[in-house]
Amino acid sequence: MPRTTKTSYVLEALLSEINRPEAQHGDCLPSERELGERFHVSRVVIRGALGKLEEEGLIYRMQGKGAFVSKNKVNQNASRLTSFTQDMLQRNMVPGSKIMVKEFVPCTPFLSSKLQISRNEPVFMLKRLRMADDAPMAIEVCYLREWIGNRINEHLVDGASLYQLLAAKCGITLKYAMQTIEVGTLEKSERDLLGQNCPRCTAIITRQTFDVDNNVVEFVESRYRSDRYLFGMLLDLENPQAGI
Ligand code: 16G
């Protein structure tokens with residue numbers, strides 16, 4: 001078999017491995033020697049195939065450490081109010097979610113101030129693992145008012161969109177949100193959910209979302225995989241006439 005044919009054969013095989021939904025950014029590929037043995041080809045052929053994958057941005061190499069899967073980060077527009085489902089669909093990714101917990105919990109002083117409700121009112125808590133193309137992306141813990149929880153509880157199944165249910169079952173029209181983004185670290189239990197190869201560093205986002213009548217609808221605290229996300233925003237000059 002000519003060398004170019006062997007290279008294409010190895011390339012195709014590696015591509016299908018990299019494109020598997022389970023393959024994550026940062027996964028280490030086997031060494032050149034191991035790949036050579038697996039495909040029964042020389043190291044020159046393996047290097048040729050790895051070189052092409054690197055050119056395409058599908059892997060990256062680190063001196064002395066090997067080759068790693070590169071999956072582009074999701075660039076989330078942090079200035080627009082969208083749902084996770086919308087975000088993923090816009091990127092041609094399949095949104096998914098797995099419900100970890102959904103239950104009514106007592107209100108705390110913190111939640112009463114975030115949801116702007118009395119401390120006597122129980123709160124509906126929804127904890128979900130959010131996925132894109134079956135790969136874990138974030139853990140979201142969402143708090144909603146009791147009446148909202150009562151209306152949506154039975155419709156909340158894995159994969160359902162909360163924002164769609166808020167509109168369809170509660171007649172809620174969302175208007176704006178106040179969001180914070182900070183850097184934090186994941187606990188072991190969170191890494192167990194997000195994947196063992198997930199970096200310990202995480203982006204913690206809180207969101208307080210309001211409806212058209214300025215009522216708080218949800219308070220959410222999410223932990224996003226720092227190797228899969230970056231947050232972009234459009235900045236306007238404070239006073240365009242005056243310049244900087
Ligand atoms: C986003 C929102 C979250 C909201 C969820 C609804 C951030 C930081 N958070 O993940 O507040 O609850 O979308 O998504 O963007 P869904 O409609 O797909 O369930």
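The values are calculated or read from the model by the stated rules, or taken from the named source; none is laboratory data. Remember, it's a predicted structure, so these values are computed and weren't measured experimentally. Heads up, the Cβs are rebuilt from the backbone with ideal geometry, glycines too, and the neighbour counts pull from every protein chain shown. Protein only, heavy atoms only, side chains kept; ligands, DNA and RNA dropped before computing areas. Shrake-Rupley method; radii C 1.70, N 1.55, O 1.52, S 1.80 Å.
The table for this structure:
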read-out: In region 69-79, the residues that are under 19 Å from Met137 (Cα atoms) and either within 16 Å of the ligand (Cβ to nearest atom) or of a type in the set (A, V, I, L, M, F, W, C) (or both); value: Val69, Lys73, Val74, Asn75, Gln76, Asn77, Ala78
read-out: Counted residues, region 148-162 - those being under 17 Å from the mean Cα position of the chain (by Cα) and not aliphatic (A, V, I, L, M); value: 3
read-out: Every residue from region 82-112 that is assigned to a loop (DSSP other than H, G, I, E, B) and either more than 8 Å from the ligand (Cβ to nearest atom) or of a type outside the set (S, T, N, Q) (or both); value: Arg91, Asn92, Met93, Val94, Pro106, Cys107, Thr108
read-out: Test result for Ser161, crowded, with 16+ Cβ neighbours inside 10 Å, within 11 Å of the ligand (Cβ to nearest atom) and not hydrophobic (A, V, I, L, M, F, W, C); value: yes
read-out: Residue, surrounded by the most Cβ atoms within 10 Å (Cβ to Cβ), within region 72-92, restricted to residues that are in contact with a strand residue (DSSP E or B) (Cβ under 9 Å, 6 or more places away or on another chain) and at pLDDT below 85; value: Gln76
read-out: Flag if Arg223 is surrounded by 12 or more Cβ atoms within 10 Å (Cβ to Cβ), assigned to a helix (DSSP H, G or I) and of a type outside the set (Val, Ile, Thr); value: no
read-out: Residue that is farthest from Ile117 (Cα to Cα), among those in region 128-161 that are in contact (Cβ under 8 Å) with a residue 40 or more places away in the chain, aliphatic (A, V, I, L, M) and out of contact with any strand residue (DSSP E or B) (no Cβ under 7 Å at 6 or more places or on another chain); value: Ala135
read-out: Residue count, region 198-222 (criterion: of a type outside the set (A, V, I, L, M), within 10 Å of the ligand (Cβ to nearest atom) and in contact with a helix residue (DSSP H, G or I) (Cβ under 8 Å, 6 or more places away or on another chain)); value: 3
read-out: Selection count where residues are open to solvent by 80 Å² or more (accessible area, probe 1.4 Å), outside any strand (DSSP E or B) and in contact with a strand residue (DSSP E or B) (Cβ under 9 Å, 6 or more places away or on another chain), scope region 174-213; value: 2
read-out: Tally, over region 95-115, of residues that are in contact (Cβ under 8 Å) with a residue 60 or more places away in the chain, under 18 Å from Phe84 (Cα atoms) and open to solvent by less than 60 Å² (accessible area, probe 1.4 Å); value: 3
read-out: Residues located in region 142-158, provided they are among the hydrophobic types (A, V, I, L, M, F, W, C) and either farther than 21 Å from Glu121 by Cβ or within 10 Å of the ligand (Cβ to nearest atom) (or both); value: Cys142, Leu144, Leu156, Val157
